[in-house]
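Undergrad: A single structure is presented below for examination.
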Amino acid sequence: MIKVTQLEKSFVYKKKELGLRGSLKNFFGGTSETKTAVNKISFEIETGEIVGFLGPNGAGKTTTLKMLSGIMYPTAGSASILGFTPWDGKNDFKRQISIVLGQKNQLWWDLPANESLFLNKCIYNIDDSQYKKTLDELTSLLDIKQLLGVQVRNLSLGERMKMELAAALLHKPKVLFLDEPTIGLDIFAQKNIREFLRYYNQQENITMMLTSHYLEDIESLCRRTIVINHGNIVYDGAIDAINSRLANKKIIKIQTLDTVNSSTYWKIRSSENGTTVLEVDKDKTNSLVSSLLNTYDIKDFSVEDIPLEESLETLYTSGSAANGSI
């Protein structure tokens, strides 16, 4: 469905000194610098996959999605989506993809949502009966049918994002790019969006590429994740494998009235209100749990993986691995 080969995007900009002298110097030449936002990345995505595209701010996520959706031209490299080159701008390609940018609206701010949706119908030349059927399905699934006549500016952020999704899916695209679709939403709105995307993917077998700073989005929707940092892919593989590949550690949480002493076998991460959090070597977890149970009066305990946030932070800072090899 999607094949990306050595895709690159660089931006040239001028550095300007302060004041009038700096402005004149910049006008007549100045110093130019090149920033590489995306650095020769390659990956493939199969039909029906939901792939998480992760990275810190400025990593190159949005730039990549803009190139894949045809909004931006690359500096070098190639991409094929549904057999099309995205930046060729062919209408047959545009009719089969869609992009939702969480921080930019495609709906007209001062008009009721149904006006913008009808405009999309006309742009994509959707048949009247098909438009009515699809709109009814989407608004029912998203529970926004009663809001179609409301001015977009008067919708809540969560309601507006649901309308954005309806507008993006109205022409039944085969590929959907989602850039921070739940940004700024409360936990209930985020949950509703995730449930809708999961259900729609199962029903329509649509291919999705999703960026998000909310790890709940990624863990809930994606089996595979691509991690990018400084324009380079530092990981591409199963999201469940990140912790096991990065850190041979486990977290043991114990509730006890006793004070847990320091030891060479564990690192005490925190200890408060009777709960102590220990970091231990993964291969010693079972023996250490037995030792703790024999040594302390433990009321409850749990064993967990290192939090995904920490593993991703390690990936962001390492920048040395790719294609699932850490």
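The values are calculated or read from the model by the stated rules, or taken from the named source; none is laboratory data. Here the structure is a predicted model, which means the values were calculated and not measured. Here Cβ is always computed from backbone atoms with ideal geometry, including for glycine, and neighbour counts include all displayed protein chains. The protein model used for the area step is the full one, side chains on, heavy atoms only, and it has no ligands, DNA or RNA in it. Shrake-Rupley method; radii C 1.70, N 1.55, O 1.52, S 1.80 Å.
Undergrad: Distance between the C-alpha centers of segment 120-151 and segment 252-275? Whole Å please.
TA: Taking the Cα centre of segment 252-275 as reference, the centre of segment 120-151 is 56 Å away.
Undergrad: With only Lys, Arg, Asp and Glu charged, each at its Cβ (+1 for the first two, -1 for the last two), find how big the charge dipole of segment 23-81 is about the Cα centre; round to the nearest 20 debye. Please list the in-between numbers first.
TA: Working: 5 positive and 4 negative charges, 75 e Å.
So the dipole magnitude of segment 23-81 works out to roughly 360 debye.
Undergrad: Across bins of 5 angstrom width beginning at 0, how are the C-alpha pair distances of segment 246-313 distributed, in whole percent?
TA: Whole-percent P(r) values from 0 Å outward: 4, 17, 31, 27, 14, 6, 2, 0.
Undergrad: Still on this structure, I have one more. Would you mind computing Rg(Cα) / (2.2 N^0.38 Å) for segment 45-179, counting N as its residues? Present the calculation step by step, with values, prior to reporting the outcome.
TA: Numbers: Rg = 15.7 Å, N = 135, 2.2 N^0.38 = 14.2 Å.
It is 1.11.
Undergrad: Taking H as built 1.01 Å from N, whose amide H comes closer than 5 Å to the amide H of I226, not counting residues under 5 places away?
TA: It is G52, F53, L54, by chain and number.
Undergrad: At a 1.4 Å probe radius, which order do D281, D236, D186 fall into by accessible area, largest first?
TA: Numbers: D281 50, D236 25, D186 90 Å².
Ranked from most to least accessible, the order is D186, D281, D236.
Undergrad: OK, next. Mind jotting down the distance between the C-alpha centroids of segment 50-113 and segment 199-230, whole Å?
TA: Computed from Cα coordinates, the inter-centre distance equals 15 Å.
Undergrad: Which residue, K282, K14, K35, has the most motion in a Gaussian network model of the chain that connects Cα atoms within less than 10 Å?
TA: Between K282, K14, K35, it is K14 that shows the largest mean-square fluctuation.
Undergrad: Further question: So what's the back-of-envelope 222 nm ellipticity for the chain, counting only DSSP H runs of four-plus at -39500 (n - 2.57) apiece and dividing by all residues, rounded to 500? Could the numbers behind the result be given before it?
TA: Numbers: 11 runs with 113 residues, N = 326.
Taken over the chain, the calculation gives -10500 deg cm²/dmol.
Undergrad: Do me a favour and compute the ellipsoid semi-axes for segment 3-112 from its Cα gyration tensor, root of five times each eigenvalue, largest one first, whole Å. Don't jump to the answer; show the numbers that get you there.
TA: Details: eigenvalues 209, 78, 40 Å².
The three semi-axes for segment 3-112 are 32, 20, 14 Å.
Undergrad: Shifting gears a bit: Can you give the alpha-carbon Rg of segment 112-225 over 2.2 N^0.38 Å, where N counts its residues? Don't skip to the end; give the middle numbers.
TA: Working: Rg = 13.9 Å, N = 114, 2.2 N^0.38 = 13.3 Å.
Its radius of gyration relative to the 2.2 N^0.38 Å reference: 1.04.
Undergrad: Right, another one. Rolling a 1.4 Å sphere over the protein heavy atoms, what is the accessible area per residue of the chain, to the nearest Å²? Can you show the working numbers first?
TA: Working: 17290 Å² over 326 residues.
I get 53 Å² per residue for the chain.
Undergrad: Pull out a ≥ b ≥ c, the square roots of the eigenvalues of the alpha-carbon gyration tensor of segment 177-240, then state rounded if a/c is under 1.5, prolate if not and a/b is larger than b/c, and oblate in the remaining case. Before the final figure, lay out each step's value.
TA: Details: a/c = 2.00, a/b = 1.35, b/c = 1.48.
Oblate shape, in that a/c is at least 1.5 and b/c is the bigger or equal ratio.
Undergrad: Which of the listed residues, T276, V234, G48, is farthest toward the dipole's positive end in the chain, when Lys, Arg count +1 and Asp, Glu count -1 at the beta-carbon?
TA: Projecting each Cα onto the dipole axis, the largest value belongs to V234.
Undergrad: If I compute solvent accessible area with a 1.4 Å probe over the protein chains, what percent of it on the chain is carbon and sulfur? Intermediate results must be reported in sequence, preceding the final value.
TA: Values: 8150 of 17290 Å².
Answer for the chain is 47 percent, counting heavy atoms of protein chains only.
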